[in-house]
Amino acid sequence: MHFEVLNTVGNFQNWEKDLFEKEIKLRHVAKHETLLRKGDIATSVFFNWKGLLFQHCQKEENTSIIDLHLENEWVLNHKSFVTRQPADVNLSSLTGGIVLELTIDSIHTLIGHSLSFLQLNKMMDNAVSRIIFFDQAATPLEKYLHILNTKPKLIQAFPLKMIASYLKITPETLSRVREKVVRQ
């Protein structure tokens, strides 16, 4: 049963969990598989059950990391999903794994049966909080400390080059920041 992922956003009755179970789709994802391509409109949200996902932009030979996603997190391209405009980034799997996919049509069906499913809006909180943080002019040290305090498992799970790109700093700056943190 996959309804336990509902516990990450709220409280639901057993009959609501049964409805959710009918709408959610289990999807095996291959290593480096793209779940959303730049230019496509995001029509699904995903619960990352197993594996690592990341959102990125390809500029010539450079990959710019926009977001990093661990297991047991809801994942979506917030801007495209909400505005129904083409995505400006790709959503891909780093390691391969398993996601649970919920389409926008399924979400509407669920809400049509029970307003309790409006709690699914909580899955968007993570995307919005990241946007707010990175729109602020934080120093490299503040950015790194933010990750250490809010999502320390990112440091262990993802390559440092990807973390540096995510923080919008060079790998060398990340090394200096990490050294400073260790010395403190």
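Quick note: the coordinates plus some simple rules give every number you see, no bench work behind them. Keep in mind that this is a model prediction, so the values were computed, not measured. FYI the Cβ positions are ideal-geometry reconstructions off the backbone, even for glycines, and counts take in every protein chain you see.
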### Query
Any idea what the dipole of the chain comes to, in debye rounded to 20, about its Cα centre with Lys/Arg Cβ at +1 and Asp/Glu Cβ at -1?
580
### Query
Which peptide among 162-171, 10-19 comes first, and what is the full order, when sorted by highest mean count of other Cβ atoms within 10 Å?
162-171, 10-19
### Cross-link reach list, aspartates and glutamates versus residue 59, counting only Cα pairs under 18 Å and skipping chain neighbours closer than eight places
40, 67, 88
### Query
So which of 17/161; 38/122; 122/143 end up more than 29 Å apart by C-alpha?
17/161
### Query
With a ≥ b ≥ c the root eigenvalues of the C-alpha gyration tensor of the stretch 5-100, is it rounded (a/c under 1.5), prolate (a/b larger than b/c) or oblate?
prolate
